[in-house]
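Shown next, in structure tokens, is the structure this report addresses.
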Amino acid sequence: QVQLVESGGGLVQPGGSLRLSCAASGSIFSINSMGWHRQAPGKQRELVASITAGGSTNYADSVKGRFTISRDNTKNTFYLQMNSLIPEDTAVYYCNVRSQGPLDTLRTIRGGQPLGLDTWGQGTLVTVSS
């Protein structure tokens with residue numbers, strides 16, 4: 001059983017910075033990507049940033065230039081550095097690891113797309129307010 005424990009949330013003023021951490025433990029096999037999602041009250045959960053096993057990153061337009069996702073493979077931990085925070089960033093942030101699904105290799109061989117297997121952290125609240 002893979003577990004993700006995230007930390008680093010809190011209350012910050014607009015323009016401030018936070019770094020969220022997500023530590024993975026347990027058996028993790030063939031990680032495809034890692035990412036951060038957030039959910040604000042009354043809104044759907046959205047992808048904020050992701051990084052693939054190969055190091056490619058992707059960001060939501062709303063956070064480009066302000067947020068940076070990174071990883072430390074030796075610690076099985078990845079991070080979200082959040083700079084120039086604005087009130088609209090207020091949300092519960094969830095980390096996610098997508099690993100290879102049990103049939104993904106076969107699906108790929110047969111010309112399909114891998115589905116992956118997702119593990120989620122418990123969430124950490126980020127509040128941006130003066």
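Which chymotrypsin sites (Phe, Trp or Tyr not before Pro) from region 24-126 combine a DSSP loop assignment with at most 10 other Cβ atoms within 10 Å? Intermediate values should be presented prior to the final figure.
On the way: sites: Phe29, Trp36, Tyr59, Phe67, Phe78, Tyr79, Tyr93, Tyr94, Trp120; in loops: Phe29.
Taking region 24-126 and a limit of 10 other Cβ atoms within 10 Å, the loop chymotrypsin sites (Phe, Trp or Tyr not before Pro) found are Phe29.
Once you charge only the Cβ atoms, +1 for Lys and Arg and -1 for Asp and Glu, what is the size of the charge dipole of the chain about its Cα centre, to the nearest 20 debye? Can you show the working numbers first?
Details: 11 positive and 8 negative charges, 35 e Å.
Result for the chain is approximately 160 debye, rounded to the nearest 20.
Among Asp72, Asp118, what's the order by accessible area (1.4 angstrom probe), most exposed first? Intermediate results must be reported in sequence, preceding the final value.
Working: Asp72 40, Asp118 60 Å².
Result, largest first: Asp118, Asp72.
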Of the residues Ser130, Cys22, Ile86, the Cα lying farthest along the dipole of the chain towards its positive end, which is defined by charges on the beta carbon of Lys, Arg, Asp and Glu, belongs to Cys22
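If each DSSP helix of 4+ residues adds -39,500 (n - 2.57) and the sum is divided by the residues in the chain, what number results at 222 nm, nearest 500 deg cm²/dmol?
Values: 1 runs with 6 residues, N = 130.
Calculated mean residue ellipticity at 222 nm is -1000 deg cm²/dmol.
Gain in length, Ser130 to Arg107, computed as 0.36 nm per residue apart minus the alpha-carbon separation, to one decimal in nm?
Details: separation 23, 0.36 × 23 = 8.28 nm, distance 5.00 nm.
That works out to 3.3 nm of additional length.
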Carbon/sulfur accessible area of the chain, % of total, 1.4 Å probe, equals 49
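Taking K and R as +1 and D and E as -1, what net charge do the other residues with C-beta under 10 Å from the C-beta of Cys22 add up to? Intermediate results must be reported in sequence, preceding the final value.
Values: positive: Arg71; negative: Glu6.
With Lys, Arg at +1 and Asp, Glu at -1, the neighbours total 0.
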Which one, Ser62, Ser99, Gly35, projects farthest toward the positive side of the charge dipole computed for the chain from Cβ point charges (K/R +1, D/E -1)? Ser99
In region 47-80, what trypsin sites (Lys or Arg not before Pro) fall in a loop by DSSP, with at most 13 other Cβ atoms inside 10 Å? Lys64
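The values are calculated or read from the model by the stated rules, or taken from the named source; none is laboratory data. Keep in mind it's a predicted model, so treat the numbers as computed, not measured. FYI the Cβ positions are ideal-geometry reconstructions off the backbone, even for glycines, and counts take in every protein chain you see. Surface accessibility is based on the protein's heavy atoms, side chains included, excluding ligands, DNA and RNA. Shrake-Rupley method; radii C 1.70, N 1.55, O 1.52, S 1.80 Å.
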